[in-house]
Amino acid sequence: MGRVIRSQRKGAGSIFTARTHRRKGAAKLRAIDYSEREGYIRGLVKEIIHDPGRGAPLAKVQFRDPYRFKTRTELFIATEGMYTGQFVYCGKTAKLAIGNTLPIGQLPEGSVISNIEEKPGDRGSLARASGNYATVIGQIPEMGITRVKLPSGSKKTLKSDCRGTVGMVAGAGRIDKPLLKAGRAFYKHRAKRNSWPRTRGVAMNPVDHVHGGGNHQHIGKASTVSRSSVPGQKVGLIAARRTGLIRGTKENKN
């Protein structure tokens with residue numbers, strides 16, 4: 001029997017949990033309320049901050065509580081062009097301007113949006129990484145659905161009530177500059193989690209990994225494994241629909 005492999009050990013957490021001590025908090029849209037559903041609410045960008053372990057900057061936005069005499073500070077993912085002192089508007093009747101948040105059903109085709117809700121009220125889950133954005137490619141008002149092209153290139157159908165922020169996420173071009181040296185990779189991953197340096201499976205012994213052993217560093221078997229494989233064998237291309245280079249052009253039916 002072989003040793004417990006790395007992917008199994010990661011499932012237990014322990015030394016593989018995320019380093020969250022210095023993080024600023026969960027970046028979410030405002031909790032949906034009457035003022036957003038029926039009109040709009042104005043917020044003021046107080047500060048743009050760095051969040052350790054995240055590529056995109058965050059914006060602290062201050063709103064007046066619609067029900068009590070107090071202010072509420074929300075943590076939004078900053079969009080490209082956002083600045084301190086800027087007024088941002090959230091709600092159904094907000095204008096199409098950088099930093100504003102409104103239902104995707106209100107946006108014209110071709111609009112660039114980010115931090116989109118997958119389900120109405122989940123406060124943002126799509127297109128959140130630095131430099132990412134999605135594009136509205138179609139509206140079907142009679143069915144209440146909107147077609148969106150995601151950063152991966154895939155197209156997704158969402159409810160028109162789902163909200164999104166106008167503009168692309170700030171921090172674009174982060175991966176254009178090479179890390180160049182191991183020290184930078186060390187500090188980059190130190191803020192995220194224990195995932196670097198990563199030893200290749202073929203460089204291990206047979207006891208440590210499925211791809212280990214042999215007189216040359218080679219896998220020696222197909223790298224695709226089934227979805228139902230036991231955890232100790234589940235490495236490589238798991239339940240791959242296809243493998244290899246994508247050749248030729250694809251006809252777009254839309």
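The values are calculated or read from the model by the stated rules, or taken from the named source; none is laboratory data. Computed from a predicted model, the values in this text were never measured in an experiment. Positions of Cβ are generated from backbone atoms using ideal geometry, with glycine treated the same way; all protein chains shown enter the neighbour counts. Keep in mind that these areas ignore ligands, DNA and RNA; they rest on the heavy atoms of the full protein, side chains included. Shrake-Rupley method; radii C 1.70, N 1.55, O 1.52, S 1.80 Å.
Centre-to-centre, using Cα atoms only, segment 181-203 and segment 40-71 are separated by 33 Å.
Want the number for residue 176 to residue 215: 0.36 nm per residue separation, take away the alpha-carbon distance, what's left? Don't skip to the end; give the middle numbers.
Details: separation 39, 0.36 × 39 = 14.04 nm, distance 3.74 nm.
Additional length available on full extension: 10.3 nm.
Per residue, segment 102-254 exposes an accessible area of 66 Å² to a 1.4 Å probe, with every protein chain left in place. Give the calculated FRET efficiency between residue 189 and residue 34 to the nearest 0.05, with a Förster radius of 51 Å applied to their Cβ-Cβ distance. Once the sixth-power term is evaluated, E becomes 0.70.
Averaging the Cα positions of each part gives two centres, and for segment 1-36 and segment 211-247 these lie 26 Å apart.
Quantify, in whole percent, the carbon and sulfur part of the accessible surface of segment 65-175 (1.4 Å probe; protein heavy atoms only). Can you show the working numbers first?
Working: 2910 of 5590 Å².
On segment 65-175, the fraction of accessible area on carbon and sulfur atoms equals 52 percent.
Each peptide in 30-42, 190-202 gets a packing score, the mean of other Cβ atoms within 10 Å over its residues, and the list from highest to lowest is 30-42, 190-202. Rounded to the nearest 20 debye, the dipole magnitude of the chain is 1040 debye, with +1 charges on Lys and Arg beta carbons, -1 on Asp and Glu beta carbons, and the Cα centre as origin.
The charge dipole of segment 9-125, taken about its Cα centre with unit charges on the Cβ atoms of Lys, Arg (+1), Asp and Glu (-1) only, comes to about 620 debye. The slack between residue 245 and residue 46, meaning 0.36 nm per residue of separation minus the straight C-alpha distance, is 66.9 nm.
3J(HN,Hα) along segment 222-228: 4, 7, 7, 10, 6, 4, 8 Hz, from the Karplus curve 6.51 cos²θ - 1.76 cosθ + 1.60 with θ = phi - 60°, whole Hz, x for Gly and Pro.
For residue 160, the residues 5 or more places off, or on other chains, whose built amide H falls under 5 Å of its own are 145, 146. Where a ≥ b ≥ c are the square roots of the eigenvalues of the C-alpha gyration tensor, would you call segment 150-254 rounded, which needs a/c under 1.5, or, failing that, prolate if a/b is larger than b/c, or oblate? Oblate shape, in that a/c is at least 1.5 and b/c is the bigger or equal ratio. Using Cα pairs closer than 8 Å and at least 6 residues apart in sequence, work out the relative contact order for the chain, in percent. 17 percent. Against the set [x] 0.93; [y] 0.97; [z] 1.05, the structure's computed Rg/Rh (Cα atoms, Kirkwood Rh) falls on [z].
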